[in-house]
Amino acid sequence: MKDDKQADQQVDEVATFMHQHELVLTTAESCTAGLIAATLADIPGAGALLDCAYVVYSVRSKQHCVGVQAETLQRHNLTSEAVAREMAAGALKNSHANVAIANTGVTDDTDPSIAPGTQCFAWAFKRPNEPDAQLFSETRKFNGERNEIRTAAALYALTRLPGYYSKAG
């Protein structure tokens, strides 16, 4: 229960930060399957913070909905920062948001070349009067069962938003 309260407090702090900086979020989620957006939506007033959320589990949906290039998929694994970055940029381009978070990863041993729990994230920020979004990405490994990994990844993605926003200047 203590962990749930701590997580709720962290999400509240992110929501407050987003309100203060007039940030509106879109997500492009694969492994988390909408949990990033859903976690933020649990906060009262989330309607002012969320524009839309793409759940892009399949390769086809990553390409069609958020513009991941076939070349990127061929050159990099689905679980890669390159794919996450294109997901974030595509979600941002296809929305009215000014920040995007993307996630792709694995929770189990279905891909022997990638450690279970590996998650790739990207954050994209669109500043007024700037033509290109600023992109940040990272990879992190989480431990636990499938849904524990997904939940931890969603919380992590949200709590990193203020830090990357500050770096975006």
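The values are calculated or read from the model by the stated rules, or taken from the named source; none is laboratory data. The model shown is predicted, which means the values in this text are computed figures rather than measured ones. Note: ideal-geometry Cβ built from the backbone for every residue, glycine included; neighbour counts use all protein chains shown.
Do we find a residue being assigned to a helix (DSSP H, G or I), without any contact (Cβ under 8 Å) to a residue 24 or more places away in the chain and surrounded by 17 or more Cβ atoms within 10 Å (Cβ to Cβ) anywhere in region 70-77?
yes
Within region 42-81, track down each residue that is within 14 Å of the chain's Cα centre (by Cα) and more than 22 Å from residue 117 (Cβ to Cβ). So that I can check it myself, show each step before the final result.
Quick first cut of region 42-81, residues within 14 Å of the chain's Cα centre (by Cα) only: 50-57, 62, 66, 79-81.
If the condition is that a residue be within 14 Å of the chain's Cα centre (by Cα) and more than 22 Å from residue 117 (Cβ to Cβ), then 50, 51, 52, 53, 54, 66 are the ones that fit.
Could you count how many residues in region 60-74 are within 23 Å of residue 140 (Cβ to Cβ) and modelled with pLDDT under 95?
The number of residues fulfilling the criteria is 1.
For region 136-154, enumerate the residues that are of a type in the set (Lys, Arg) and surrounded by fewer than 19 Cβ atoms within 10 Å (Cβ to Cβ).
Listed by number, the residues that qualify are 140, 141, 146.
Can you report the number of residues in region 120-135 which are within 12 Å of the chain's Cα centre (by Cα) and either over 17 Å from residue 93 (Cβ atoms) or surrounded by fewer than 19 Cβ atoms within 10 Å (Cβ to Cβ) (or both)?
2
Sort through 167, 141 and tell me the only one that's in contact with a strand residue (DSSP E or B) (Cβ under 7 Å, 6 or more places away or on another chain), farther than 18 Å from residue 24 by Cβ, modelled with pLDDT under 95 and not hydroxyl-bearing (Ser, Thr, Tyr).
Answer to the selection: 167.
Which members of region 1-50 meet the condition of being closer than 30 Å to residue 108 by Cα, in a helix (DSSP H, G or I) and among the small types (Gly, Ala, Ser)?
Correct list: 7, 37, 38, 41.
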